[in-house]
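Report on the structure given below.
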Amino acid sequence: MKTDNAFRRGLKAGIPIGLGYFSVSISFGILAISYGFAWWQALLVSMVCVTSAGQFAGIGIMCHPGQYFAMLLSQLTINVRYSMMSVSLSQKVSSSFTALPRWLLGHFITDEIFAVAAAETSVSPRFFAGLAVLPYAGWALGTLMGVVLGNVLPVRVVSALSVGLYGMFMSIFVPPARKNPVIAGLVIVSFAL
């Protein structure tokens with residue numbers, strides 16, 4: 001397959017993730033503003049720390065200075081999975097993945113991006129770059145939108161937006177569970193536990 005098409009394929013595969021991240025990160029922007037963060041601080045957190053659950057947990061801890069050990073422990077616990085995903089995905093990357101693209105892969109890896117990339121036979125830097133662009137932009141723009149809407153939306157709407165994060169996680173395992181009864185059984189057991 002041509003390398004020019006790899007970026008476009010990745011971009012196309014990233015559209016649903018980007019749209020989902022946009023809607024979920026609105027609630028992050030709203031929450032950050034409600035905790036007293038400036039608009040640029042909320043946006044900076046979203047652009048530097050590409051970890052939804054880690055960001056939600058992190059801003060709560062940041063509001064209580066001196067809890068550095070709690071911050072370290074929570075972020076390690078929440079984000080260790082990204083290290084495992086990066087190591088797993090590194091087995092599928094093409095030989096053209098040099099040091100900088102590998103570093104970027106580690107920075108931009110999320111649950112949803114990993115799920116799409118892992119379905120590929122071989123992941124090229126162009127495909128991964130295309131795959132990461134819209135989710136990253138969606139997360140940052142959604143955070144900015146949440147910052148703007150933070151003082152406008154009613155409390156009930158803000159509260160309802162917080163379940164969006166769980167919807168994003170469900171979007172990862174529902175499609176494969178529908179196709180494979182073993183995965184469906186594992187999902188049911190996981191929910192029960």
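The values are calculated or read from the model by the stated rules, or taken from the named source; none is laboratory data. In this text, all values refer to a predicted model and were calculated from it rather than measured experimentally. For neighbour counting, all protein chains shown are included, and Cβ atoms are generated from backbone atoms with ideal geometry for every residue, glycine included. Heads up: the accessible areas ignore ligands, DNA and RNA and are worked out on the full protein's heavy atoms, side chains in. Shrake-Rupley method; radii C 1.70, N 1.55, O 1.52, S 1.80 Å.
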Whole-number D in µm² s⁻¹ for the range 68-130, Kirkwood Cα-pair radius fed into Stokes-Einstein, 25 °C, 0.890 mPa s: 199
Difference of contour (0.36 nm per residue) and Cα-Cα distance, A137 to M62: 24.6 nm
Could you please state how large a percent of the accessible area of the chain is carbon and sulfur, counting protein chains only and using a 1.4 Å probe? 72
Could you sort 116-124, 177-185, 129-137, 49-57 so that the peptide with the highest average Cβ count within 10 Å comes first and the rest follow in order? 129-137, 49-57, 116-124, 177-185
Taking the chain as a Gaussian network, where each spring joins two C-alpha atoms under 10 Å apart, which residue of G20, G36, G150 fluctuates the most? G36
What dipole magnitude, in Debye to the nearest 20, does the chain give about its Cα centre under +1 on Lys/Arg Cβ and -1 on Asp/Glu Cβ? 420
Take each uninterrupted DSSP H stretch in the chain, measure its Cα extent along the helix axis, and return the ones at 20 Å or beyond whose mean Kyte-Doolittle hydropathy is at least -0.5. 3-34, 68-90, 125-149, 164-179
Positive-end residue of W103, F7, W139, charge dipole of the chain with Cβ unit charges: F7
Values of log10 I(q)/I(0), in the order q = 0.15, 0.17, 0.19 Å⁻¹, for the range 1-127 under a Debye, Cα-only, solvent-free model: -0.79, -0.95, -1.10
